[in-house]
Each structure stands twice: as structure tokens, then as C-alpha cells.
Amino acid sequence: MARPSLFILASLVASILTLAILTRRSMHDVSTPEGHVVLLARQSRAAADSKSPQDLLNLMRPFPLAASTTRSYRLALATIARTGNGWMRGMLESALGVATESVYVEPGSQRSSAGDTYVKPCGWLGQCQHVHPPKAKEARVIKTHFPFTTPREDALRLLQQSQADIADLDYLLLAVRNPLDNYEAWVRYLQANVENWRAQPYLDVTSFVKAWSLHHSFWYSQPQPRFIYRYEDLVQNPIIVTKALLQACGLWTIYSLDEYALLRIANISQLQSYRRKQLRSQTRQKNAVSHSYLSHSVEDIRWVLDNFRPELARYGYDQLYTTWLDAKSKDWPTEDAERAIDIIMSNTSSVTYALSYRVKLP
């Protein structure tokens, strides 16, 4: 009778040890795709449980803003090309009923009443029944790609000359997109739309990411209050991001907006088609962040991570690039890598709120 008892006891002990090892690995071993997913899923659930929309707004630092009685409220929509600038302009116009402006001449645009920008009479999306050009002392949202589109040899001189114009801004709307995806979108745009695209700047990863860093560092260092949002979060939750932006910069209050303004955004056909193009509801979009790492080399991912880690961390991209690097170099199954990446992006979606300011209007 003793032998069976000892055998059963030994088997039981072995089973407990095996279960403990497997449990410990599932909880702590993040060197495997499964470990990443288990750990990050737990963190993501905890974050979702503790963060309400109001919690996210509360992450923003308050900034008292004195209203000017002599001029309009000026906001810069400052982005690198291919970060959803036109998409955001269309959503703001739909919500406010006021055309956005640009520092560049655009097809169908004319000089604004202020004389220092260009505006389309019916707005970016041509909504003539709903959108009008900014009136005197009305809020002005002005598009710019400066300093990204500035030739490198003129950058320092123009940066210095532009300080007076930038000092005249009241609030900054800053979009950011992870640099390697931003680079690929930039090159695709040039190839499809610019005849002499090979003569354009930033056609290699090194020069583009350096320009990406310069652009974002420049605007981040400005003294004005700001709202920073990630392109990836805009694609996933356009209405939520736009509402947070409107509330942060004060336009929600200035124009007495309500949920009907958000419905106007949701019902604009051009914006719906734009979002479908971005999300590819039936097929995966080639450059969707969850699997765009497949088109980037291990060398490029590692170079960006090694040389721009502080900038990546500022916007919550350091974990993304670390996971990209692991997925590529360790040959993770694509489905496991995409799940881990999706969770990381969800888990870091509130990072830019803590970098933003919520204006307090008089």
C-alpha cells in the first residue's frame, strides 16, 4: 500500500510544481508573445477600469486664458504631412460651422479676411450649406506643416523669423504619428501625387526621422497651451479625440457645442469614407499600426529606438517599437504580435492627455 501512496504523492507534487511554473511563466515571462499579451491585457483592463472620459480630461493641466477683445482666437493645427491634418480640419469644420485656414495656397482657396492665410469659402470639405469663412474676431484654426516642410538649409533662419508669427498664436493643436509609419505614408504620397517626387526631401528613413524629431521638438517647446493627439488614436476613436480636443482648447465652450455637433461630424459622408479608407473594414490596411512592423526592417526599428527613445517615450511609442523589434527579431506569429501591439496602443492612448492643457476661459 505504501508504494501507490508514494507514487500518488510524487505525482501530485510534480503536478503542483508544473502548474506553478506554467502560471509563473504566464504571469511574468514577457519574452514570448503570450507573455506580452497576458501581462498587457491585465494592465489594459486595469487602465480601462480606472479611466473615465472625465479622468482623461483631468489629466490635462489647466491653463488660464485671457480673451482678447481686439483680435480673433488663433489656433495652429501644426502637423507633419500624412498625419490626418485634412481629416481633422473636416471634423472641426463640421462641428463649428467655420472654415479652417492654411498658410499655404490650396486649390480653390483665397486670401482670408485677415490677409495672412488662405481659406476655401465653403471649407476644406466644401460644405457650403453649413460652413462659412471666419468672421471678424471669430476663432481661426490655421493649418501648417512648418517646420517639417522647410528646406534644411533655410530651417534655422526661418525658425528665427517665424517666432513673431508663432508668438501671436493662442493655442496649439499638435498631431503626431509614429515615425516609421509616417515616413512610409510620406513616400507613398509623394510617389502618387508629385511628378518629380524623387527631388523631394526626406526620401530616406534617416533624414525623415531627424526632421520628424525637429518638428515635434520645435512645437513641444513653444510656451502656448496645447493639445497633442496621436494619429493612431484618431483613426480608432475619431469622435472621442475630436471632442477632447474641442473641450481642451475651449472651442466647445466658445461655440456652445453639444452632442449634436458630434452627430454632424459622424454624418459627414466624406469623413465616413475617409475613415473607411483608413480602417479597411473588410480587409486589413497595409499600414495599420498593428501589423505595419512587417514592412519595416529590424535595422530601421532598432536605429529609431536607439536614437530617438526619449521622443518615442513622450508619445507612448517606445513600447510599440520595443514590441516591433521583438516581433521581428524573434519571429513572433503575426496574430500574437498584432494582439500585443493592439493592447499596447490601447494602453498608451491617454499618454498625450498628460502633455496637454485644458484652457480656463474667463
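The values are calculated or read from the model by the stated rules, or taken from the named source; none is laboratory data. Since the structure is predicted, the reported quantities are computational estimates derived from the model, not experimental observations. All Cβ positions, even for glycine, are placed from backbone atoms using ideal geometry, and neighbour counts span all protein chains on display. Areas reflect the complete protein model, heavy atoms only, side chains present, ligands, DNA and RNA absent. Shrake-Rupley method; radii C 1.70, N 1.55, O 1.52, S 1.80 Å.
Using heavy atoms of the protein chains and a probe of 1.4 Å, the accessible area assigned to Trp303 is about 70 Å².
Normalising the Debye intensity of the stretch 162-211 to I(0), with uniform scatterers on Cα atoms only, and taking log10 at q = 0.23 Å⁻¹ returns -0.84. Which of the pairs Lys243/Lys330; Lys135/Lys243; Lys120/Lys210 have their Cα atoms more than 31 Å apart in this structure? The pairs that break the limit, which is 31 Å between Cα atoms, are Lys243/Lys330; Lys120/Lys210.
The listed residues Phe208, Phe63 rank as Phe63, Phe208 when sorted by accessible area, largest first, using a 1.4 Å probe. Maximal additional length on extending the Asp165-Leu57 stretch stands at 36.0 nm, based on 0.36 nm per residue less the C-alpha distance. Between Gln200 and Cys128, the distance separating the two model label sites (each 7 Å from Cα on the Cα→Cβ line) works out to 3.1 nm. Largest to smallest in accessible area, the residues Leu125, Leu190 fall in the order Leu125, Leu190 (1.4 Å probe, all protein chains included). Ordered from highest to lowest accessible area with the whole protein assembly present and a 1.4 Å probe, Trp252, Trp324 read as Trp252, Trp324. Each residue, Tyr220 and Tyr255, gets one label point 7 Å from its Cα in the Cβ direction; the gap between the two is 2.9 nm. Remark: spin-label model distance Thr334-Lys137 equals 5.9 nm, labels positioned 7 Å along the Cα→Cβ axis. Extension gain, Ile239 to Ser295: 0.36 nm times the residue separation minus the Cα-Cα distance gives 17.2 nm.
Give me D for the stretch 57-134 in µm² s⁻¹, whole number, from Stokes-Einstein with Rh from the Kirkwood sum over alpha-carbon pairs, 25 °C and 0.890 mPa s. So the translational diffusion coefficient is about 176 µm²/s. Ignoring everything but the protein chains, give the 1.4 Å probe accessible area of Tyr183 in square angstrom, nearest 10. Accessible surface of Tyr183 is approximately 40 Å².
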